[in-house]
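Trainee: The structure under discussion is supplied below as structure tokens; questions concerning it will follow.
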Amino acid sequence: MKISDQKKLEINELMTRFILHEGCKLMPYKCPAGYWTIGVGRNLETNPPTSEELKIIGDYEHGITKNAALFLLRHDIERVEKECKKNIPFFSALDDERQYALLDMAFNLGIKGLLKFRRMLKAMREEDWEKAAFECLNSMYAKQTGKRAKRIANTIKTGRFEI
């Protein structure tokens, strides 16, 4: 089945999954990597709000609303999807769930971090889902993110997202 024949994951479903993995904090905080972050994992240092986003979210240094956090998340998902499409030639040929797995990893690690998973990406390009899942778990990412990495590796392996 070609991707054009499949139903795309709804943005609300993607947002729910990212909130599951990232949480949602309305006040700025330091993430485990030491970066100032807000909302659903928005790294304020490497991905500061655009002028358009600032018009909506306002003075984020003193906190944002849940709606503002969801607004930023929508933009982040769009940005990460564009980065994946640009940098991973076979991304659009993947089924929805495996696309999601790469989106989640790019969201968490940045596109540069995801692209370091050369063996995993090669295995995915070759549709060797077992090897790709192994390579996902055979990483510092898996050690640092625990259950999240296990969910993502399982999604890569099976083509199904399970909590």
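Trainee: Taking interchain pairs and intrachain pairs at least six residues apart, which have beta carbon atoms under 9 angstrom, with the first residue in the stretch 146-160 and at pLDDT 95 or above and the second part of a loop (DSSP other than H, G, I, E, B) and not hydrophobic (A, V, I, L, M, F, W, C)?
Mentor: Going by the 9 Å Cβ cut-off, the qualifying pairs are Ala149/Ser139; Arg151/Glu162; Asn154/Arg160; Asn154/Glu162; Thr155/Glu162; Gly159/Asp95.
Trainee: Right, something else. For the stretch 115-139, name all the residues that are more than 22 Å from Arg17 (Cβ to Cβ) and either touching a Leu at 6+ places or on another chain (Cβ under 6 Å) or among the aliphatic types (A, V, I, L, M) (or both).
Mentor: Correct list: Ala123 only.
Trainee: Further question on the same structure: If I filter the stretch 14-42 down to residues being part of a loop (DSSP other than H, G, I, E, B) and in contact (Cβ under 8 Å) with a residue 40 or more places away in the chain, which single residue comes out as surrounded by the most Cβ atoms within 10 Å (Cβ to Cβ)?
Mentor: Selected residue: Gly41.
Trainee: Has the stretch 88-99 got at least one residue that is charged (D, E, K, R), touching a helix residue (DSSP H, G or I) at 6+ places or on another chain (Cβ under 7 Å) and modelled with pLDDT under 95?
Mentor: No, because not a single residue in the stretch 88-99 is charged (D, E, K, R), touching a helix residue (DSSP H, G or I) at 6+ places or on another chain (Cβ under 7 Å) and modelled with pLDDT under 95.
Trainee: Mind listing just one residue for me: the one in the stretch 81-90 that is in a helix (DSSP H, G or I) and surrounded by fewer than 21 Cβ atoms within 10 Å (Cβ to Cβ) and, of those, nearest to the chain's Cα centre (by Cα)?
Mentor: Only one residue tops the list, namely Glu81.
Trainee: Out of Glu135, Glu45, Glu78, which single residue is on the phi < 0 side of the Ramachandran plot and either outside any helix (DSSP H, G or I) or touching a residue at least 40 places away in the same chain (Cβ under 8 Å) (or both)?
Mentor: Answer to the check: Glu45.
Trainee: What number of residues within the stretch 100-121 satisfy the criterion of being free of Cβ contacts under 8 Å to residues at least 40 places away in the same chain, buried (at least 18 other Cβ atoms within 10 Å of the Cβ) and in contact with an Asp or Glu (Cβ under 8 Å, 6 or more places away or on another chain)?
Mentor: Residues that pass the stated criteria total 4.
The values are calculated or read from the model by the stated rules, or taken from the named source; none is laboratory data. Quick caveat, the model's predicted, so the values are computed rather than measured. Backbone-built Cβ (ideal geometry, glycine too); neighbour counts: all protein chains shown.
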